[in-house]
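Take a look at the structure below.
The values are calculated or read from the model by the stated rules, or taken from the named source; none is laboratory data. As the structure is a prediction and not an experimental result, all values here were calculated from the model. Neighbour counts run over all protein chains shown; Cβ positions are idealised from the backbone, glycine included. The accessibility values were calculated without ligands, DNA or RNA, using every heavy atom of the protein model including side chains. Shrake-Rupley method; radii C 1.70, N 1.55, O 1.52, S 1.80 Å.
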Amino acid sequence: MFVKKDLRKIPQILADASQRAASSPPSLSEEQDDAPPTKKAKSNKNNDIITEMRLGRRAPEFLPSCNASILLQPKFRPALDNLIQLSLYDCGLSSLAGIELHPTNDDDDGTSSMTTLFPKLEQLDIGRNPKLTNDSLPDSFHTQFPSLLELWCDDCSFGPTIPNTLLQMHHVHVVRMTMNKLEGQLEQGIGIKYWNHIRVLAMDGNKLDSVGKGIGRLEYLEKLHLRQNKLSSLPEGVPSAANTSLTMLCLSSNQLTSLPKSILDVADTLTELYVNGNQLQTLPEGLAQKCTWLQKFNVAHNNIDKEELLPKDFVMRFGLPDVVSGQCTKDDACVVRLEGNPVAERRRKAYLEEEKAKAKALEMERAAAEMEVDSDDD
C-alpha cells in the first residue's frame, strides 16, 4: 500500500505532534493509559493525537550529528510520550546516544527520578542504518521502551554478538536482525532468559554457525528465519515439542547435511519448511506421517541422490510432486520443490525427453493424417 510521505521537516512534525498532545483533554489521556494497545491507537487517531511517525529516508535532516538528538529536545517530549510506532529507517544514523536513562529534577523528597522517553512505543524500525554497531547503543537503551513489541534492525552492522541492551527487551514479539554482522553461535540465552515471548525471529544473512537449545523452548515462536548463514547442523531439540506455535521454519542457503529428528516434534503445526540450498542427503523418516498440515516444502538444490528422493511415508501421504509445478498428486494443497538434487534432475531430464518424444509423435501423427487427406483428395 502506498503511504504518502509527510513533506514537512522533522522539527515541524515534532512540534505539531507536541502541540496536539498538549491540547489533549486530561480525561482522554487517562482512558488511553488503561486501554489495550489496539484500542489505544484507534482512540488517539480519532482525537488527532499522533501515534505513528514515519521518519525514514531522511538522512540529510540528521546531519551533521548522525544521531537522534533532533528527536530528544525537551520541547518535543510530549510528542514522544504518545508514539506507538516510530520508523528511523535509512536515516544515516551512526549513534543512538541520548536514548538512555536520564535523571530528572529532584523530587519533593530530595530524590531523583528517571524519565522514559518512549513509554508507549510498540514498534521501532532502525533498519538500513549500516553505521549502527554495538557501540552505537547506550547500555540503558532498552529502558526507554518498556512497551516495545516489534524491533526491526535489518541491514545494520550489529555484531559479532547481539547487543546486550537489545536482549534486555524482554517483551518483544518480533525481532528482525537480517543482514547484520552476527557471527558464531546465536545467543544461547534466547528462550531461556531472553525474548521468551518472541513470535517472529529473523536472523537471515549473517554468519551464524550454530544456535543454542534455548530456541527449542520458545512456546510462542511462530516463524524462525535463519537463511543465508553458515549452519552445518541444528542441535537435537531445535525445534522441539515445546515450540507449539511454530508454523514456518526457514533454513535455506546454509550448509546443513542433515535435519534433527526433533523436527518431527513440531509436525502438528508446521505448514512451511524451507531447507533448499543446503547439503542434505536424506530426509527424516516419518516427516509426512506427522506433518499433516504441510503446505510448502522446499528441498531444492541439495545432494539427495537416492532413487527414493522422498521418504515412503511422504509419498503415501501426499503422493509424488509434479515435476514442473511441485503440486503433490494426492494433496494439491502441498507444494514440494525438488529441483537441483541429482536424482530430481535425472527425473526432470527424463520427463523433458518423454514430453519431447510425445510432442514429436503427435506431430508425426498430424503429418500422416494430412498426407492421408491429401491422398483421398487425389
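For the range 272-280, indicate whether the set of residues that are among the hydroxyl-bearing types (Ser, Thr, Tyr) and in contact with a strand residue (DSSP E or B) (Cβ under 8 Å, 6 or more places away or on another chain) is non-empty.
Yes, that holds for at least one residue.
Which condition number does residue 148 fail, the rest of (1) within 15 Å of the chain's Cα centre (by Cα); (2) among the aliphatic types (A, V, I, L, M); (3) over 14 Å from residue 204 (Cα atoms) being met?
Failing condition for residue 148: (1).
Cβ-Cβ under 6 Å, sequence separation 6+ or interchain: first residue in the range 296-316 and assigned to a helix (DSSP H, G or I), partner small (Gly, Ala, Ser). Which pairs?
313/288; 314/288
Filter the range 310-343 down to residues that are touching a Leu at 6+ places or on another chain (Cβ under 9 Å) and polar (S, T, N, Q) and give me whichever is least open to solvent (accessible area, probe 1.4 Å).
Out of the qualifying residues, it is 341.
If you take the residues in the range 43-64 that are modelled with pLDDT of 95 or more and charged (D, E, K, R), which one is farthest from residue 128 (Cα to Cα)?
52
Scan the range 332-351 for residues that are modelled with pLDDT of 85 or more and either in a helix (DSSP H, G or I) or in contact with a helix residue (DSSP H, G or I) (Cβ under 8 Å, 6 or more places away or on another chain) (or both) and report the count.
So the count comes out to 5.
Mind listing whichever residues of the range 246-283 are open to solvent by less than 20 Å² (accessible area, probe 1.4 Å), farther than 21 Å from residue 217 by Cβ and not hydrophobic (A, V, I, L, M, F, W, C)?
Matches in the range 246-283: 252, 254, 278.
Scan the range 124-165 for residues that are surrounded by 20 or more Cβ atoms within 10 Å (Cβ to Cβ) and part of a strand (DSSP E or B) and report the count.
Matching residues across the range 124-165 total 4.
Is the range 87-109 home to any residue that is modelled with pLDDT under 95, exposed (fewer than 14 other Cβ atoms within 10 Å of the Cβ) and closer than 22 Å to residue 169 by Cα?
yes
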